[in-house]
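The values are calculated or read from the model by the stated rules, or taken from the named source; none is laboratory data. The structure presented is a predicted model; accordingly, all values stated were derived computationally and were not measured. The area values use the complete protein model at the heavy-atom level, side chains included, leaving out ligands, DNA and RNA. Shrake-Rupley method; radii C 1.70, N 1.55, O 1.52, S 1.80 Å.
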Amino acid sequence: MRDFRYWEDASDEYRCMEGSLLPLWKFHHDKSRALLVSAVCWSPVYHDLFAAAYATVDSKNGDGEGMLCFYTLKNPSTPERVLLTQSGVTSLHLHPQVSHQ
């Protein structure tokens, strides 16, 4: 059985070919706690950056607010950028090229 070197869990003995994992990072923003994550997209240019789209349960009806947060692995405690929206964000895609403005 393949397992992480420094993490041993007694319950692994009772699970054939399975193990336990602890989260390496937790990404959250205080204003996003009441929202659901509706999409996640990694940046094709900056490999430590990803975006998370947030929506409310009522977003499918066009009701509720939304949010787009950009997180980096260098600073998992807070998003790099936060964009508030008037409606839920249900999908996202990051452009594969860097914009030089």
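With every protein chain in place, what's the accessible area of residue 54 (1.4 Å probe, Å², nearest 10)?
Near enough 10 Å² of accessible area.
Counting only the heavy atoms of the protein chains, how much of residue 85 is accessible to a 1.4 Å probe, in Å² to the nearest 10?
50
Starting from the Cα-Cα distance between residue 97 and residue 36, subtract it from 0.36 nm times their residue separation and give me the gain in nm to one decimal.
Taking residue 97 through residue 36 to full extension adds about 19.1 nm, to one decimal.
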